[in-house]
Every structure is written in structure tokens, then in C-alpha cells.
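Peer 1: Here it is, the structure in full.
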Amino acid sequence: MTPVQILFIVVAAMTLGAALMVVSSRNLVHSALWLIVSLFGVAVFFALLQAGFLAVVQVVIYIGAIAILFIFVVMLTRKIAQDSGPRFNENWVWAIVVAVVVFAALVWILMGWQGWSTQLAPLGPAADPLRELGIALVSPNAYVLPFELASVLLLAALIGAVMVAWERK
Amino acid sequence: MIPLSWYLVFSAALFSIGLYGVLARKNAVAILMGIELMLNAVNINLVAFWRYRTPQMIGGQAFAVIVFAVAAAEVAVGLALIISVYRRRDSVAADEIDLMKW
């Protein structure tokens, strides 16, 4: 066991435990706070995978914006913070079955794949993923069109969210 | 060193937990949180495949950036819809929002 492996196991256990608390917690504010822990664990994995920009974006956008938005919505709709009745619907046993089957099928299919136990190859000394990502996102030969489409999508979502949530007097 | 399989098992587990939340929870806000967990599992997979299989091509990270944008758009519109439904029907339980059911 190398220190990196121990770190991986600790962070993975923390993230999955927090995710379980997100889906099972009765109080939605607690769910949102556990969601922050889980998202932070994912940010640690991005850092382990040498995707530093994505780790920062994960903290800024997911934790700083999305999780806080969840907390605000729970506060704005006061009655829903505590579920009055049961918090699971009557099909929750089938939901467990489906989730376990999906997990087992994913692992089983991936175990038959020849790239299953690929080891980490160090990046070359000249490699600079951050610079490459920045160039790729604005280069006409790479991903400028999806990038601009994403900005149009965000603008449309912004206008749509305002229109939907508008309280007409 | 960590083999690729660890990341794949981890993200499959995170995806399944999110799927369970989407299928089993009654509250629409909790369902959206489950979707967020599933999107995060997808992002882990994209970045892990980029790092282990094709580190010379940046496509995996670029795709993850697009997933971030889509997740932000989805949660903004979804939460706006939930606030709107709450105003009109005074409830956000997914099985009570049955206006389009017949």
C-alpha cells in the first residue's frame, strides 16, 4: 500500500458514505451539506488525476454555486425541508435492486475489457494539460463549437430559469 | 500506483447511489441531488479515461467541462421548476405532481 492508495481509499469511502447520506437523509438541508462533502471528494479525485483546472472548477461551480443553490431553494420552500410522510416511495426495494444490478453489470462488463488494469503512465516533462485544455477549448480545430454551444445553453437556461420562477402578480 | 479499475469501480458505485436516490426519493429536490451525483460519477470516468488511456489528447477534459456547463444549466432550470410547482401546488413530492398524468 502506497500513501496514494491509502489516500484514494479514504477519500473514496468518505465520498461514497456522504453520497449515501445524501440519498437517505430525512432533512434536505443535511442532504445538501452531505452533497458538499461528496462533491469535495470528487474534486480530490480530479486533483489525483492531474486535472487541476477541473478540481478548481468543481469546488467553485459545484460547491460554490450548485450546492449553495440547493440550500437556498430548500430555505425558500420552507415546508419541504422536512418530508412529512415517508421519504422513500413504495418502490424503494426495487430501486435498491436496480441500483445493485446496474453496479454489478457495470463492473462485470468493465472487468472483461482489456484496459481494466491499465497502470498510470507519467505525463511527459513537456506535457501541460492546463495549457492544452485552454487551447483546445478555443481552437477552431478542436472544441470551440461545443464550448460556444455550452455558453448559449447556459444563457438559455438563465433566461428559462428566470421566466419559470417569475412570480406573476 | 492506482490502476484504472479503482476509479471505474468508484464511479460505478457513485453512479448507482445517485440512481437509487433518483428512483427511490419522493422529494423532487432530493431527486435533483441524485442526478448531480450521477453526473459527478460520469465526470470522474471521463477524466480517468483521459488520464490513463489518451493523456496526449485533451478531449476527455474538454468533455468534462461541457458536462459541468450542462449540470449547471440543468440544476438552475430544475430548481426554478420546483419553486414554481411549490408556489402553485404547495408540494414538491414527485408523486403528487400529477397534472400531466391521465
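Peer 1: State whether the residues of the stretch A:111-128 include one that is under 22 Å from the mean Cα position of the chain (by Cα) and of a type outside the set (S, T, N, Q).
Peer 2: Here is the first cut: in the stretch A:111-128, the ones under 22 Å from the mean Cα position of the chain (by Cα) are none.
No, there is no match, as no residue in the stretch A:111-128 is under 22 Å from the mean Cα position of the chain (by Cα) and of a type outside the set (S, T, N, Q).
Peer 1: A follow-up question, please. If a residue has to be modelled with pLDDT of 90 or more and at the interface with chain A (Cβ under 7 Å from one of its Cβ atoms) to count, how many in the stretch B:44-53 make the cut?
Peer 2: Residues that pass the stated criteria total 3.
Peer 1: Is it the case that some residue within the stretch B:24-34 is at pLDDT below 90 and farther than 17 Å from A:Val29 by Cα?
Peer 2: Scanning the stretch B:24-34 turns up at least one residue that is at pLDDT below 90 and farther than 17 Å from A:Val29 by Cα.
Peer 1: Here is a list: A:Phe46, A:Phe70, A:Phe8. Which entry is within 7 Å of chain B (Cβ to nearest Cβ), of a type in the set (Phe, Trp, Tyr) and in contact with a Gly (Cβ under 8 Å, 6 or more places away or on another chain)? Even if it seems obvious, please write down each step before you answer.
Peer 2: Values: A:Phe70 fails: in contact with a Gly (Cβ under 8 Å, 6 or more places away or on another chain); A:Phe8 fails: in contact with a Gly (Cβ under 8 Å, 6 or more places away or on another chain).
On inspection, the qualifying residue turns out to be A:Phe46.
Peer 1: Restricting the first residue to the stretch B:56-72 and requiring it to be closer than 12 Å to B:Leu39 by Cα, which pairs with a second residue that is surrounded by fewer than 20 Cβ atoms within 10 Å (Cβ to Cβ) and of a type in the set (Ser, Thr, Tyr) meet a Cβ separation below 8 Å and a spacing of at least six or different chains?
Peer 2: B:Ala69/A:Ser151
Peer 1: Restricting the search to the stretch B:9-42, which residues are buried (at least 23 other Cβ atoms within 10 Å of the Cβ) and touching a strand residue (DSSP E or B) at 6+ places or on another chain (Cβ under 6 Å)?
Peer 2: Matches in the stretch B:9-42: B:Ala24 only.
Peer 1: A follow-up question, please. Of the residues B:Leu32, B:Leu37, only one is under 12 Å from the mean Cα position of the chain (by Cα), more than 7 Å from chain A (Cβ to nearest Cβ) and of a type in the set (A, V, I, L, M); which?
Peer 2: B:Leu32
Peer 1: Can you work out which of the residues in the stretch A:116-168 that are of a type in the set (Gly, Ala, Ser), surrounded by 15 or more Cβ atoms within 10 Å (Cβ to Cβ) and closer than 25 Å to B:Ala48 by Cβ is farthest from the other protein chains (Cβ to nearest Cβ)?
Peer 2: Initial filter on the stretch A:116-168 (of a type in the set (Gly, Ala, Ser)): A:117, A:121, A:124, A:126-127, A:134, A:136, A:139, A:142, A:150-151, A:156-157, A:160-161, A:165.
Checking which are surrounded by 15 or more Cβ atoms within 10 Å (Cβ to Cβ) leaves us with A:136, A:142, A:150, A:157, A:160-161, A:165.
Add one more test, that the residue is closer than 25 Å to B:Ala48 by Cβ, and what stays is A:136, A:142, A:150.
Details: A:Ala136: 5, A:Ala142: 7, A:Ala150: 4 Å.
Among those residues, the one meeting the criterion is A:Ala142.
Peer 1: Okay, moving on. Could you tell me whether A:Glu90 is closer than 24 Å to B:Asp90 by Cβ and out of contact with any Gly (no Cβ under 7 Å at 6 or more places or on another chain)?
Peer 2: It is true that A:Glu90 is closer than 24 Å to B:Asp90 by Cβ and out of contact with any Gly (no Cβ under 7 Å at 6 or more places or on another chain).
Peer 1: If you don't mind, there's one more thing I want to ask. Across the stretch B:73-99, what is the total count of residues that are touching a residue at least 40 places away in the same chain (Cβ under 8 Å), more than 7 Å from every other protein chain (Cβ to nearest Cβ) and outside any helix (DSSP H, G or I)?
Peer 2: Result for the stretch B:73-99: 3.
Peer 1: Name every residue in the stretch A:11-33 that is under 26 Å from A:Val74 (Cβ atoms) and more than 9 Å from every other protein chain (Cβ to nearest Cβ), in order of residue number.
Peer 2: Those that are under 26 Å from A:Val74 (Cβ atoms) and more than 9 Å from every other protein chain (Cβ to nearest Cβ): A:Met14, A:Gly17, A:Ala18, A:Met21, A:Arg26, A:Asn27, A:Val29, A:His30, A:Leu33.
Peer 1: Which members of the stretch A:26-61 meet the condition of being outside any helix (DSSP H, G or I) and within 29 Å of B:Arg25 (Cα to Cα)?
Peer 2: A:Arg26, A:Asn27, listed by residue number.
Peer 1: What single numbered condition from (1) under 16 Å from B:Ser11 (Cβ atoms); (2) of a type in the set (Phe, Trp, Tyr); (3) under 21 Å from the mean Cα position of the chain (by Cα) fails to hold for A:Phe72?
Peer 2: Evaluating A:Phe72 over (1) under 16 Å from B:Ser11 (Cβ atoms); (2) of a type in the set (Phe, Trp, Tyr); (3) under 21 Å from the mean Cα position of the chain (by Cα) leaves (1) as the failure.
Peer 1: Can I ask one more? When the stretch A:114-163 is examined, which residues are found to be of a type in the set (Asp, Glu) and over 23 Å from B:Arg51 (Cα atoms)?
Peer 2: Taking the stretch A:114-163 first, the residues of a type in the set (Asp, Glu) are A:128, A:132, A:148.
Residue satisfying the conditions is A:Glu148 alone.
Peer 1: Every residue in the stretch B:1-38 that is closer than 20 Å to A:Thr77 by Cα and not in a helix (DSSP H, G or I), please.
Peer 2: Selection gives B:Arg25, B:Lys26, B:Asn27.
The values are calculated or read from the model by the stated rules, or taken from the named source; none is laboratory data. This structure is a prediction, so every number in the text was calculated from the model and none was measured. Here Cβ is always computed from backbone atoms with ideal geometry, including for glycine, and neighbour counts include all displayed protein chains.
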